[in-house]
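The values are calculated or read from the model by the stated rules, or taken from the named source; none is laboratory data. From a predicted model like this one, the values you see are computed outputs, not experimental measurements. When we count neighbours, we look across all protein chains shown, and the Cβ atoms used for this are built from the backbone with ideal geometry, even at glycine.
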Amino acid sequence: MKVSVRTYGGLMGGLGQPAHVIDDAGLGDSEKAELRRLVAAAATAVTRPRSTEQLRDAQTYEIEIDDDGKVVTLEATDGSVPPGFAALRDWLRDH
């Protein structure tokens, strides 16, 4: 499984940052299990979009999960980032 996180918007405008990709093939068993747990939690999180007028400098986070060819993309914007999504985003950034 490969999971990537990309950030765009905010003060960066449409430029964004390059995606940070984690391939679970390079992880130990406990880290793989943690990644799968975080992916499952983030995939069930519901975002409540807020008006971009209220958050003009908000950043948007896109997490792409490629699990043996099955690709799912999750997206959240500052002001509406669910805890499960935030936990996965932060874990990916730290690894």
Next on the checklist: If I ask for residues that are within 14 Å of residue 39 (Cβ to Cβ) and surrounded by 14 or more Cβ atoms within 10 Å (Cβ to Cβ), which ones from the range 77-94 would you list?
Outcome noted: 82, 84, 85, 86, 87, 88, 89, 91, 92
Checklist entry - Just checking, how many residues over the range 38-95 are of a type in the set (Asp, Glu), at pLDDT below 95 and under 15 Å from residue 19 (Cβ atoms)? => result 2
Checklist outcome for this item: When every residue in the range 1-29 that is part of a loop (DSSP other than H, G, I, E, B) and at pLDDT below 95 is compared, the one nearest to residue 73 (Cα to Cα) is 19
